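Right, one structure below, let's go through it.
The values are calculated or read from the model by the stated rules, or taken from the named source; none is laboratory data. It should be emphasised that the depicted structure is a prediction, and the values quoted were computed from it without experimental measurement. Backbone-built Cβ (ideal geometry, glycine too); neighbour counts: all protein chains shown. Note: areas computed on protein heavy atoms with side chains; ligands, DNA, RNA excluded. Shrake-Rupley method; radii C 1.70, N 1.55, O 1.52, S 1.80 Å.
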Amino acid sequence: MKSGWVDSEAQAAIDRYAGEGIGRDLALRVYTTRLLGRDPKLVLHGGGNTSVKTTMADLLGEQVAVLCVKGSGSDMATIEPADLPAVRLDRLRKLRARAALSDEDMVRIQRDGLLEPAAPNPSVETLLHAFLPHKFVDHTHANAILSIVDQPDGEALCAELYDGRASVVPYVMPGFGLAKTAADIYDCEPAVEGLILHKHGIFTFGDSAREAYERMIALVTLAEQRLQKNRKAVFVTAQLPQAIAPLAAVAPILRGACSRKDERIEGAWHRMILDFRTSPAILNFVNGGELVRYSQPGVVTPDHTIRTKNWPLVTAAPERERTDDFKRATRAAVTAFVQRYEEYFARQNARTGGIKRPLDPLPRVALVPGLGLFGLGRSKKDARIAADLAQCATEIITDAEAIGRFESISEAEMFDMEYWSLEQAKLGRAAEKPLAGQVTVITGAGGTIGVATAKAFAAAGAEVALLELDERAAADSAKAIGGAAVAVQCDVTSARSVSDAFAQVVAAFGGVDIVVSNAGAAWQGRIGEVDEEVLRKSFEVNFYGHQRVAQAAVKIMLAQGTGGCLLFNVSKQAVNPGPNFGPYGLPKAATLFLVRQYAVDYGVDGIRANAVNADRIRSGLLTDAFIAERAKARGVSEKDYLSGNLLGREVTADDVAQAFLHQALELKTTGDVTTVDGGNIAAALR
Ligand SMILES: [Zn+2]
């Protein structure tokens, strides 16, 4: 591992922040924190923190000695000075004299010492930084260090490796206890460059930002070199089926098995989003004959537990053509996982006074032999974090097993961490949105109604996949939505294209829950004279397009076994034909019955099918020129054409989007048609 320090960049950071009134100490603290944060072998998702001791003016303008320490929840790779809140140092240091300090008091005292009252909470490891005497203190959960300390004889291995350069601190849960223990151990050998925290990570320190940072690089490099010595070959591969089922078949089964019925609302499910990873290294790990032994001891560093839970789910290898067997086996594996988790909770909760409330018992990581690993979460972001940490854990455990045997902290220690209020606080307590955990596919997503619908579903918490014939338009829509929205090219007139597009959605999110089948195109012609080819073209898009999309979605929904929702943009032409508009209205009329057929055939599977009959929405389909033409056909002005309804109001794409959203949320409604046309008695259904 090489130092990333560059003198000119350090100076540039000092100059840049000087312009904002930030001093040299904090500028360099930001610079090396980012150097650490950008290397995933050192730091992942908030796992690590840094500090600097300096002086600053308080709100009264008086200079005080402070510790600027990383705030809870910030990312080291992109840290800014405001993410390193300043805490009065003397107040923190006084705490070392205490024999004990509750977590609640620790948090309150730390907040009480903040120079800026609105600053984020200082890190849970703040006191450890404060109790050490050095100006700069760096802390990471470096992979190479963890591979060495996560061993039964990890402490002895470190003592040998770091002879005199770093002291070893036995495992103590983060917080006041660890801060005191580490400081006491440091005091016995004050010449060391760092502290190795057994089963947790590493601290280095120094008088300058560069010294603390480069000591981190040096001590981690020693660990990396140690891992290259006396390695045994890992892992011996298990007997796997000849042909493994593809991701598109496996993910919905796994996703369904990891979903739970919502006990409070009939027909509602608590679902997960999946993030898939595979690589030769991951396959080497998940294909190992002893996977169950080395994947189950626990987390590689304690703070992973809130993201990954203590153990991953291990499934059977999914054999192609035998996915029913895989489904049965996976459901059994999840049931066993949940039971194990509930027993663990009951056992540990009893030990600690029975006051904790159980978290949901579902896995956050799944290892699938032959295929790879999945991170699971209530959002794509959470699933991605779980997958990042799981991938990191496979690397750490592989190296640990290559030089010895992987060992984690004890079950009681994991419980104390998982149910530590300060760790749970990191996850935030924002109320979940109504469509959290649900994947929505929208076709014709580049158009006006498609974009409005995608925005409405994303705002309701759904993950959205935007399918569109024009790849650029899909990408533009995804950008407009932001977040984890994915764009997929899809031609609904091609069965192959539709099935490829759904495979891409499954690869991105793990499955599909809601489909808004919206792609359409308009053709005109007097029905007695229209060319048959025109009629067939329109049927390809406006009927078969919906059928192909619904069929692809139903296949995935049945594999998941958690119901689903099919929504169709039908148009009022289906019930109230306009003159010369037969080529458009006829397939739409067939699609209206398609909706009812899906409602009839799949109600038993909890799959609902509903439609929106919208009329006269300004869009790519109903362009200004087209509006002029239709107005003429009806013999009215353009304005009267657009607002010629009972309410006298123009109907917009947002109105249509809201109707789709309501249908998605109406869990007891199927076979329904909602009109969004401002009121048109001639088009009313009866
Ligand atoms: Zn830590």
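Quick look at the numbers
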item	result
Overall form of the range 538-618 per C-alpha gyration tensor (a/c, 1.5; a/b vs b/c)	prolate
Calculated P(r) of the range 372-420 - Cα pairs past 15 Å, %	62
Cα-based Rg / Dmax (Å) for the range 633-686	13.4, 42
Trypsin sites (Lys or Arg not before Pro) within the range 1-40, DSSP loop, no more than 12 other Cβ atoms inside 10 Å	2
Sparsely packed trypsin sites (Lys or Arg not before Pro) within the range 387-450, loop by DSSP, other Cβ within 10 Å at most 14	405, 429
Cα-based helix-to-principal-axis angle, 103-112 vs the chain, degrees rounded to 10	90
Solution diffusion estimate, µm²/s, Stokes-Einstein, the range 314-451, Kirkwood Rh from C-alpha pairs, 20 °C, viscosity 1.002 mPa s	117
Extent along principal axes [Cα atoms of the range 159-246; Å; largest to smallest]	59, 28, 25
Cβ-based charge dipole, the chain, positive-most Cα from 334, 240, 587	587
Principal axes of the range 584-673: Cα extent on each, largest first, Å	48, 26, 24
P(r), alpha carbons of the range 452-513 - 5 Å bins starting at zero, rounded %	4, 21, 28, 26, 16, 4, 0
Mean shadow area of the range 227-310, taken as a quarter of the surface of its Cα convex hull (nm²)	8.6
Cα Rg, Dmax (largest Cα-Cα span) when computed across the range 4-139, Å	14.6, 46
Surrounding net charge for residue 554, when Lys and Arg each add one and Asp and Glu each subtract one, Cβ distance under 10 Å	-1
Å² per residue, accessible surface of the chain at 1.4 Å	42
Quotient of C-alpha Rg and 2.2 N^0.38 Å, computed over the range 507-647	1.17
Protein accessible area in the chain, 1.4 Å probe - carbon and sulfur %	51
Estimated dipole of the range 92-236 in Debye, rounded to 20 [Cβ of Lys and Arg +1, of Asp and Glu -1, Cα centre]	100
Unit charges on C-beta of K, R, D, E only; dipole of the chain, Debye	1100
Loop trypsin sites (Lys or Arg not before Pro), the range 230-335, which have at most 15 other Cβ atoms in a 10 Å radius of their Cβ (DSSP)	231, 232, 264, 320, 322
Karplus-derived HN-Hα couplings along the range 369-385 (A = 6.51, B = -1.76, C = 1.60, θ = phi - 60°), whole Hz, x at Gly and Pro	x, x, 10, x, 10, 10, x, 10, x, 7, 9, 4, 4, 5, 5, 5, 5
Whole-angstrom Cα spans of the range 393-537 along principal axes, big to small	80, 38, 22
Largest to smallest accessible area among 229, 135 [probe 1.4 Å]	229, 135
11 Å tail of the calculated P(r), the range 233-273, as % of Cα pairs	74
Of 123, 78, 133, farthest towards positive along the dipole that unit charges on Lys, Arg, Asp, Glu beta carbons give the range 1-136	133
The range 320-419, dipole about Cα centre (Lys/Arg Cβ +1, Asp/Glu Cβ -1), debye to the nearest 20	520
Solvent exposure ordering (accessible area, 1.4 Å, most first) of 173, 557	173, 557
The chain: translational diffusion in µm²/s, Stokes-Einstein, Kirkwood Rh over Cα pairs, 4 °C, 1.567 mPa s	46
